[in-house]
Amino acid sequence: MQQLTFLDMMLGSSVFIQFLMLCLLLGSIFSWVSIFQRWQLFRRARAGHENFRERFWSGMELSELFRDTEANEAEGAERIVFSGFKAFNRIRQKTNDATAILEAVDRSMRIAIAEEQDRLNTGLPFLATIGSVSPHVGLFGTVWGIIEAFRSLATVQQATFAVVAPGMAEALITTALGLFVAIPAVVAYNRYLALGELLLNNYENFADEFSGLLHRSLVTKKVDAEKANG
């Protein structure tokens, strides 16, 4: 007796089950594309963060550090600090009020952090959708296969395993395929969500450190000015 392969069972399924399988396979392809894109993004973000942190604490002047930086090219902590640095230079030309300067800097960096959060979270809702919907699509195929199996029993006088086997095979295939699509998407979603939160915490800490440096610089200048006037 010839043994049916997985491909044979898929090709021998009903048109509706084949349609569900096609949807699941497309979902799997798109989710793996998204997983790979997110992996590249987070690898680049983590490497860029470490590189910028080393350059920032190397003692280099901020004007020299950001000399060749473009706002539309900077990413991560570099973009956040660069936004704060631009706001610092812009507001300082209008006022010497340290509180007003720091508020403008903090506001600019908060906006940059929010934009970075959106960038890191791009694609995650799609993975969450694939991870939550795929098992239900597989379950729907399972129910449909069981229904087809019972319909096959209704047309014969003697129930045999050969009669119900095609419908049960469809049910098991769609269940397995739904899990095959959902599990990698859920694992990747949880992993990238955790990495995104870790990076955002690092960005916020970096922004706080930069704000603290500016505050100490402004206080020192204020004290020096008071001593010079006194």
*Tell me, please, whether a residue that is modelled with pLDDT under 65, in a helix (DSSP H, G or I) and surrounded by 11 or more Cβ atoms within 10 Å (Cβ to Cβ) can be found in the range 142-164.*
yes
*State whether the residues of the range 55-72 include one that is under 19 Å from L213 (Cβ atoms), over 20 Å from the mean Cα position of the chain (by Cα), among the β-branched types (V, I, T) and open to solvent by 30 Å² or more (accessible area, probe 1.4 Å).*
no
*Would you mind telling me which numbered condition in (1) within 15 Å of the chain's Cα centre (by Cα); (2) without any contact (Cβ under 8 Å) to a residue 40 or more places away in the chain F42 fails?*
(2)
*Is it the case that some residue within the range 39-58 is outside any helix (DSSP H, G or I) and closer than 16 Å to F206 by Cα?*
yes
*Members of the range 99-112 that are under 23 Å from the mean Cα position of the chain (by Cα) and open to solvent by less than 20 Å² (accessible area, probe 1.4 Å)*: M109, A112
*Mind checking which residues of the range 123-141 are hydroxyl-bearing (S, T, Y) and either in contact (Cβ under 8 Å) with a residue 24 or more places away in the chain or open to solvent by 80 Å² or more (accessible area, probe 1.4 Å) (or both)?*
S132, S134
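The values are calculated or read from the model by the stated rules, or taken from the named source; none is laboratory data. This structure is a prediction, so every number in the text was calculated from the model and none was measured. In this analysis, Cβ positions are derived from the backbone assuming ideal geometry, glycine residues included, and neighbour counts consider all displayed protein chains. Heavy atoms of the whole protein, side chains included, go into the accessibility calculation; ligands, DNA and RNA do not. Shrake-Rupley method; radii C 1.70, N 1.55, O 1.52, S 1.80 Å.
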